[in-house]
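**Student:** Quick one: the structure is below, questions incoming.
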There are 2 protein chains.
Amino acid sequence: MQADWIAVDWGTSRLRAWAMGPDGPLAQAASDKGMNGLAPEAFEPALLELVAPWLAPDRPMPVVACGMVGARQGWIEAPYLEVPCAPAAPSGAIAAPARDPRLRVRILPGLCQQAPADVMRGEETQIAGLLAGEPGFAGLVCLPGTHTKWVTLDGGRVTGFRTFMTGELFALLAQNSVLRHSLGGTGWDEASFLAALEETRAHPARLSAALFSIRAQSLLSGLTPPEARARLSGLLIGAELAGIEEADAPPGRIAVIGADGASAPYLAALRHAGHDPVVLDTAAATLAGLSAAHNALEAQET
Amino acid sequence: MQADWIAVDWGTSRLRAWAMGPDGPLAQAASDKGMNGLAPEAFEPALLELVAPWLAPDRPMPVVACGMVGARQGWIEAPYLEVPCAPAAPSGAIAAPARDPRLRVRILPGLCQQAPADVMRGEETQIAGLLAGEPGFAGLVCLPGTHTKWVTLDGGRVTGFRTFMTGELFALLAQNSVLRHSLGGTGWDEASFLAALEETRAHPARLSAALFSIRAQSLLSGLTPPEARARLSGLLIGAELAGIEEADAPPGRIAVIGADGASAPYLAALRHAGHDPVVLDTAAATLAGLSAAHNALEAQET
């Protein structure tokens, strides 16, 4: 089975590839060979492991990649485009140095913002996917994850964005801090989540004290691990919402692009705050963005 | 050399003991046998390792201890006294089950607060030390550390307190998060510290986004490791100050009780915010608090 071209989402810890035909994906493959820990010369073999069966013997296969593969520690450094600008613009793509003549790899550019300083690699392609489906989308896009991004869109361009370390803070606090004694591994209590959300949304300055109160409540009043877990998430997301709401809120709509696990608390938080977010799946948005970039690259080269 | 009694500060990671004479400490000793990782039966041997040379053959030696030794996972659980109350009140002390007849060990009670839920073990004895020197102190006491405490005092009693996880967050972010690539091990830039302090003191809701900006600034504009390190501390302490200033500020003075390394950024922050804090050394305050408790225990038993 041969592809027309190959779409690649290459993040910090995962590599995903799709063999693309005229009507969308024909096949997909994935490995844990993310950017983290790959030396520059290890990227091409990691890609070939997944995509070799889809290559043509007699022509270079177009491969369009996004994500941390374009970081300074990646295969080759792709530029950051500075906002305001269109996301994942093909003019900013850079060729990766593949030795195998069956590969023609381009890495899409990230986005940067000077003040407040911020960067993204990968999410811009999901944004491009949203815009491919709805070019006039104006409003705010939330991309939950280890580093959650909030992106403002207007006129087909990213006008600004802000990254919150919420996911990484949750993981560090749940696994490595004194709170680990209170949390346990699984379980969720929605009422605790919403109460905590309201607490730091109204009083974000209390965040770091409210975090310690999780430990105190489990010592003093028997807070259960599912309550503690949901409370930790609610406190962090409540402070994040306060930060977003304090900034100039854009007119228009709110979209959430994410996988189910990461998105669920954000959707609950936004609905609780009175919003009605549009929901997009990460893989679908990424594929739509990579497809738009592939089409633009082909048109540019014709 | 025999002691009149023995003062013990037994925290999570350290054990410190002083042989006390009529005019103060005659000798001191310390080990890394903190509460963490000691089984209940290991406490007495850990104490004897340090204090055996100071014991009398023919009478039980009074030992007064404070700190995590009284936690649920400690030697024996000491109660929490609920605020408002006097700190380290001897009526709340509990006897630890020592087998050696040369030891008579009492552990001082911690403090708890129901709403917002909070607990302390050890710092209450430092507060008692401050009050021993100045019974009428009214105001706010800051005790910097892994879990920094802010305590309000009035009429010789603790009327409330709040714990911020600032020190633990700094360590987790500096060592285990994406920011570790930007920080490096040492170095400090005071201007970066103060600018960051002002940023989150004015806008605490932006904390988790401002944290990520450290990474972005080092990628985009060459933020140096000493600048990044100071900026991380400033952002965390700025948000903490906003939380303290948002609460009803007590009339009166501000004191900082701490070791040099932990106190320095708090002192700089408080002075920058226009305060003129009194400074006390941790060990001196602890010894003064343990001495006051010892005297009260002896008076109680006479």
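**Student:** Name the residues in region B:1-42 that are in contact with a Lys or Arg (Cβ under 6 Å, 6 or more places away or on another chain) and in contact (Cβ under 8 Å) with a residue 24 or more places away in the chain, would you?
**Tutor:** The answer is B:Asp9, B:Leu15, B:Gly34.
Listed here are the residues, each with its yes/no results for (1) within 12 Å of chain B (Cβ to nearest Cβ); (2) more than 19 Å from the chain's Cα centre (by Cα); (3) touching a residue at least 12 places away in the same chain (Cβ under 8 Å).
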site	(1), (2), (3)
A:Ala98	no, yes, yes
A:Cys112	yes, no, yes
A:Ala117	yes, no, no
A:Gly122	no, no, yes
A:Gly136	no, yes, yes
A:Leu140	no, no, yes
A:Pro144	no, no, yes
A:Thr163	yes, no, yes
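**Student:** Can you tell me which residues in region B:99-139 are aliphatic (A, V, I, L, M) and either part of a helix (DSSP H, G or I) or crowded, with 24+ Cβ neighbours inside 10 Å (or both)?
**Tutor:** Correct list: B:Val105, B:Ile107, B:Leu108, B:Leu111, B:Met120, B:Ile127, B:Ala128, B:Leu130, B:Leu131, B:Ala132.
**Student:** Based on this model, can you work out whether A:Val69 counts as assigned to a strand (DSSP E or B), crowded, with 21+ Cβ neighbours inside 10 Å and either modelled with pLDDT of 95 or more or not assigned by TED's automatic domain parsing to the domain that holds A:Gly110 (or both)? Write out each step before concluding.
**Tutor:** On the way: assigned to a strand (DSSP E or B): no; crowded, with 21+ Cβ neighbours inside 10 Å: yes; either modelled with pLDDT of 95 or more or not assigned by TED's automatic domain parsing to the domain that holds A:Gly110 (or both): yes.
Spelling it out, it is not the case that A:Val69 is assigned to a strand (DSSP E or B), crowded, with 21+ Cβ neighbours inside 10 Å and either modelled with pLDDT of 95 or more or not assigned by TED's automatic domain parsing to the domain that holds A:Gly110 (or both).
**Student:** Still on this model: I'm checking my understanding of the structure. Among residues of region A:1-47 that are closer than 17 Å to A:Glu123 by Cα and among the small types (Gly, Ala, Ser), which one is surrounded by the fewest Cβ atoms within 10 Å (Cβ to Cβ)?
**Tutor:** A:Ser13
**Student:** Among the residues of region B:201-225, which ones are under 26 Å from the mean Cα position of the chain (by Cα) and surrounded by fewer than 24 Cβ atoms within 10 Å (Cβ to Cβ)?
**Tutor:** Once the filter is applied, which keeps residues that are under 26 Å from the mean Cα position of the chain (by Cα) and surrounded by fewer than 24 Cβ atoms within 10 Å (Cβ to Cβ), region B:201-225 yields only B:Arg201.
**Student:** Given the options B:Ala56, B:Ala17, B:Ala78, B:Ala96, name the one that is under 20 Å from B:Glu298 (Cα atoms) and touching a Phe, Trp or Tyr at 6+ places or on another chain (Cβ under 7 Å). It would help to see each step written out before you state the result.
**Tutor:** Details: B:Ala56 fails: touching a Phe, Trp or Tyr at 6+ places or on another chain (Cβ under 7 Å); B:Ala17 fails: touching a Phe, Trp or Tyr at 6+ places or on another chain (Cβ under 7 Å); B:Ala78 fails: touching a Phe, Trp or Tyr at 6+ places or on another chain (Cβ under 7 Å).
The unique qualifying residue is B:Ala96.
**Student:** Related question: Suppose we keep only residues that are part of a loop (DSSP other than H, G, I, E, B) and at negative phi within region B:181-222. Which one would you say is farthest from the other protein chains (Cβ to nearest Cβ)?
**Tutor:** Checking each candidate, the answer is B:Thr186.
**Student:** If you don't mind, there's one more thing I want to ask. Can you tell me which residues in region B:170-218 are closer than 16 Å to A:Ala117 by Cα and either among the small types (Gly, Ala, Ser) or touching a strand residue (DSSP E or B) at 6+ places or on another chain (Cβ under 6 Å) (or both)?
**Tutor:** B:Ser182, B:Ser192, B:Ala195, B:Ala196, B:Ser208, B:Ala209, B:Ala210, B:Phe212, B:Ser213, B:Ala216, B:Ser218
**Student:** Considering each of A:Ala230, A:Ala268 in turn, give the residue that is assigned to a helix (DSSP H, G or I), more than 11 Å from every other protein chain (Cβ to nearest Cβ), more than 21 Å from the chain's Cα centre (by Cα) and among the aliphatic types (A, V, I, L, M).
**Tutor:** A:Ala230
**Student:** Considering A:Leu169, A:Leu153, which residue is surrounded by 22 or more Cβ atoms within 10 Å (Cβ to Cβ), hydrophobic (A, V, I, L, M, F, W, C) and in contact with a Phe, Trp or Tyr (Cβ under 6 Å, 6 or more places away or on another chain)?
**Tutor:** Being surrounded by 22 or more Cβ atoms within 10 Å (Cβ to Cβ), hydrophobic (A, V, I, L, M, F, W, C) and in contact with a Phe, Trp or Tyr (Cβ under 6 Å, 6 or more places away or on another chain) holds for just one of A:Leu169, A:Leu153, which is A:Leu153.
The values are calculated or read from the model by the stated rules, or taken from the named source; none is laboratory data. Everything numeric here is computed off the predicted structure, so don't read it as measured data. Neighbour counts are summed over all protein chains in view; Cβ atoms, including those assigned to glycine, are modelled from backbone coordinates with ideal geometry.
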